[in-house]
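The values are calculated or read from the model by the stated rules, or taken from the named source; none is laboratory data. Please read these numbers as outputs of a predicted model, since none were measured by experiment. Virtual Cβ from ideal backbone geometry, glycine too; neighbours counted across all protein chains shown. With ligands, DNA and RNA removed, areas are computed over all heavy atoms of the protein, side chains included. Shrake-Rupley method; radii C 1.70, N 1.55, O 1.52, S 1.80 Å.
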Amino acid sequence: MIAKIAVSAATFAIDKPYSYRVPQGMEVSAGMRVTVPFGKGNRRTEGVVLMTEAGQGEGLKAIESLLDSEALLPEN
């Protein structure tokens, strides 16, 4: 599964959703906060899942951890 994530560390000029691989067994849904590696240095940063989609996610960085047990934001 692949998650589209709004990353808090992204600068305004490149503010866009980033794709991350959802690790096996991790339950992720839109509106949940997560930590992800970001940038060339893989600096750990917070993000919000915007949507999920089917796919293997080969070559993508993986979500490191969930900060919430359920979505804090509504899907819309």
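Below are the figures for this structure:
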read-out	value
Mean Cα-pair separation over length for the chain, i.e. relative contact order, pairs under 8 Å, 6 or more apart, %	40
Accessible area per residue in Å² at 1.4 Å probe, computed on segment 1-72	63
Residue 67 - accessible surface, heavy atoms, 1.4 Å probe, Å² rounded to 10	70
Extreme residue, positive dipole direction of segment 24-76, given options 55, 67, 45 (C-beta unit charges)	45
Label zone at residue 56, where the point sits 7 Å out along the Cα-to-Cβ direction: segment 22-49 residues whose backbone N lies under 14 Å	none
Exposure rank, largest accessible area first [26, 1; 1.4 Å]	1, 26
